[in-house]
Amino acid sequence: MANIMQSSQEEQIVVFQLMEQVYGIDINSVYEIIRMESITKVPRSPHFVEGVIDLRGRIIPVIGLSVLFGLGQNERTQASRIIIVEVSGQTIGMIVDSVQEVLRIPVSAIEPPPPMVNGIDAAYLRGIAILEERLIILLDQNKILMEEEKDQLLQPNIAGNQA
């Protein structure tokens, strides 16, 4: 019984690095994490869309998270990964510098985000977790894309065949 109580007061997050900062996203929104692969460019796509990938017969739009957040283009390395997530009903890939671990974070360690963190608007964020002297910026998976960005991503030339 104690384990059930404890687990309801903890959240599991996937911890990743982007532009030398540590971020986290709820593990329940993550489908999988894949190595960088060839991304097909899509003409006239929004600035934050890197292109699309074919993931076992499914066309997935891939966004540059650092570009979306206005942090500039991140350098691709052997450690770079694509995190496949569901954002407001849309499956997308997010390019990150590296995936570090999966952590259990006590809910009590999560604080509301300030208006701006490292140049990122708080609208994208769920909170800030302070864990063992580490600061982890928690993304709100349903707000990673604003309505206008979701509309741009759903354009027929980018959305591909989601069926």
**Q.** For region 1-91: relative contact order, % (alpha-carbon pairs under 8 angstrom, 6 or more apart)
**A.** 27 percent
Q) Using the 10 angstrom Cβ neighbour count as an exposure proxy, how do Y124, Y23, Y31 rank, fewest first? A) Y31, Y124, Y23
Q: Pop a pseudo-label 7 angstrom from the Cα along the beta-carbon direction at both E37 and Q73 and give the gap in nm to one decimal.
A: 2.3 nm
**Q.** Potential lengthening between E101 and S80 on full extension [0.36 nm per residue; Cα-Cα distance subtracted]
**A.** 6.2 nm
Q: Would you mind computing, in nm to one decimal, how far apart the modelled labels at R56 and Q12 are, each placed 7 Å from Cα along Cα→Cβ?
A: 1.8 nm
Q. Based on the alpha-carbon gyration tensor of region 57-98 and its eigenvalue square roots a ≥ b ≥ c, which shape applies: rounded if a/c is under 1.5, prolate if not and a/b is larger than b/c, or oblate?
A. oblate
Q. Taking the simple approach of a point 7 Å from Cα along Cα-to-Cβ for both K143 and A109, what is their distance in nm?
A. 2.2 nm
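Readers should treat all values here as calculations from the given coordinates under stated rules, not as data from a laboratory. As the structure is a computational prediction, the values presented were derived from the model and not from experiment. Quick reminder, even Gly has a Cβ in these numbers, built from the backbone with ideal geometry, and neighbours come from all protein chains shown.
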